[in-house]
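Derivation of every value follows stated rules applied to the coordinates shown; laboratory data play no part. All figures in this text were calculated on a predicted structure; none of them were measured in a lab. For neighbour counting, all protein chains shown are included, and Cβ atoms are generated from backbone atoms with ideal geometry for every residue, glycine included.
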């Protein structure tokens with residue numbers, strides 16, 4: 001008996017029933033087999049040696065793919081757990097998944113681990129890898145699995161996970177003399193891990209619950225080539241140098257204080273950068289036909305119950321009592337926009353109605369996940385809500401995509417990909433509404449001929465979304481912009497418009513953000529540029545540096561002319577050597593240094609130095625102004 005398998009390129013081939021993915025990879029080429037780590041059969045990840053007994057779609061996963069690397073990372077986490085068990089036989093294990101970059105495993109041992117312990121674990125991992133042991137999968141009943149982790153390999157965390165599992169036949173994987181509870185898949189052999197590094201140790205509450213015991217979480221990374229590990233570690237060191245928390249303090253942009261954990265304190269230079277970004281977007285909003293609105297930060301909890309946030313987002317919200325009535329600090333801006341829409345009776349001629357808001361929102365984040373500007377408890381969304389007819393969806397979504405792409409071009413973000421995220425497990429609205437919304441976004445992307453990746457189950461609770469994932473100069477990916485289609489909230493708020501037929505109809509709501517959060521976007525900008533922001537964004541664009549007191553009057557004159565031209569200028573009149581002043585300006589990441597000495601005074605000129613080009617020599621002030629103006633206009 002033969003089965004028909006369809007490959008990602010659309011071709012279909014016939015194979016004997018019971019054939020494995022590894023055998024198929026070998027038939028295609030030995031090179032493919034060497035790089036293969038697992039497979040996907042009808043979108044389900046499987047081991048390479050799993051027999052295939054029915055028709056379906058097959059994809060061989062290699063280390064050249066994201067999915068393949070996740071299998072490698074997950075398997076390396078298993079090998080790390082094996083090494084820990086060898087060194088600490090009493091160890092018990094929580095979860096050990098692959099993450100965006102690498103893997104981690106949560107462990108429970110009495111010993112507090114340090115960097116020397118990580119080295120010992122690495123050495124033991126290397127021995128296991130050299131042993132070239134294979135991963136073998138076995139399915140058990142839930143009772144058999146619980147018995148195994150009770151009697152043979154005592155582990156209370158695995159027993160707890162099993163007790164909460166819906167699966168009737170959980171799987172275990174054995175590699176050498178170590179067995180772990182795992183869905184898989186895994187690499188065929190431990191020797192496929194050619195290079196790895198254990199990176200750090202952190203604390204993590206079991207199951208993320210502060211009431212549970214804190215385990216030790218070990219993070220690591222692995223690659224199929226040593227050169228890939230070397231490159232990753234290089235970028236990791238660069239990331240440390242570019243840490244926006246460190247640079248924000250050095251550049252005097254913002255600070256964080258224990259009196260307000262998760263809340264940003266903006267300094268004058270930081271606010272200048274903030275306003276530059278905000279003002280830039282306000283100008284773009286006018287061009288794209290948006291009206292700007294502002295909604296209250298605190299609203300009665302009846303609103304949040306009506307919108308669905310109470311049932312689906314309550315644990316992330318803050319609450320306050322006013323006049324013995326319950327209110328919530330808004331975590332999102334959309335319900336407020338619905339109230340504005342409903343304050344007027346609309347005709348189809350009014351649509352699309354585009355409402356933009358720089359909305360200040362608050363979300364409760366656990367203290368353990370707070371991370372500078374990347375993860376805060378209060379931030380500003382560059383939010384917009386578009387109310388349109390169903391017939392206008394395609395055009396409006398396409399306009400939103402164009403808007404996002406134009407903004408990213410101005411900020412020099414050219415490396416990004418788009419994902420379509422579908423209905424999550426926790427959601428509101430009927431199956432029919434979700435199908436309609438998902439199909440509408442899919443059609444909009446297809447009609448615009450935009451490549452995208454499907455991200456099942458990661459939509460907002462009220463609708464599917466298109467997300468923009470931007471890669472920075474360190475090759476890290478950040479989710480920034482989002483376009484979300486919502487049929488449910490207009491239903492909940494009973495939004496209406498009068499159609500051309502004179503009847504009442506329900507509008508569609510599009511949620512749109514480009515930066516996502518201004519705070520998070522600034523963090524990414526600072527790290528992307530290593531603090532050396534482009535001239536149009538730099539809080540201080542130039543500094544005037546007189547060589548001595550003899551040039552102070554002339555320097556003041558140049559300073560005032562630059563200031564009156566609209567530039568953000570500093571004046572360093574301190575009685576210090578010019579080399580010291582230049583070094584200070586370099587450390588401050590100031591784009592232009594205007595050096596004024598005896599020769600410049602005599603010739604009525606200025607000497608200019610920049611970060612990018614070094615000394616530019618003497619020039620007229622007007623030449624510098626033209627150069628700076630051109631640089632700002634081109635946003636280079």
Ordering of 281-293, 416-428 by packing [mean C-beta count within 10 Å, highest first]
416-428, 281-293
Cα→Cβ-extended label distance, 7 Å offset, between residue 451 and residue 599, nm
5.2
Ranked from highest to lowest mean number of other Cβ atoms within 10 Å per residue, what is the order of the peptides 265-272, 186-193?
186-193, 265-272
At the level of C-alpha centres, the distance separating region 228-264 and region 295-363, in angstrom, is 33
Using a Förster distance of 60 Å, how high is the FRET efficiency between residue 120 and residue 350, based on the Cβ-Cβ distance and rounded to 0.05?
0.30
What is the helix-to-structure angle for 66-87, meaning the angle in degrees between its Cα long axis and the longest Cα principal axis of the chain, kept from 0 to 90 and rounded to the nearest 10?
70
Please report how far the C-alpha centroid of region 97-131 lies from that of region 370-425, rounded to the nearest whole angstrom.
38
Segments 584-593, 377-386 sorted - mean Cβ within 10 Å per residue, highest first:
377-386, 584-593
Let me know the shape class of region 151-294, please: from the alpha-carbon gyration tensor, a ≥ b ≥ c as square roots of the eigenvalues, rounded when a/c is under 1.5, otherwise prolate if a/b is greater than b/c, or oblate.
prolate
Test of understanding: extend the Cα→C-beta vector of residue 630 to 7 Å, then name every residue of region 535-567 with backbone N under 17 Å from that spot.
535-536
Can you compute the FRET efficiency between residue 255 and residue 506 using 1/(1 + (r/R0)^6), with r the Cβ-Cβ distance and R0 = 41 Å? Round to the nearest 0.05.
0.30
Quick one: angle between helix 268-287 and the longest Cα principal axis of the chain, in degrees between 0 and 90, rounded to 10, please.
80
Taking 7 Å along the Cα-to-C-beta vector as the label spot, tell me the residue 19-residue 189 distance in nanometres, rounded to one decimal.
2.3
Taking the Cα centre of each part, how many Å lie between region 38-82 and region 451-499?
29
What's the angle, to the nearest 10 degrees (0 to 90), between helix 578-587's Cα axis and the longest principal axis of the chain?
40
Using a basic spin-label model with each label point 7 Å from the Cα along Cα→Cβ, how many nm lie between residue 622 and residue 139?
8.2
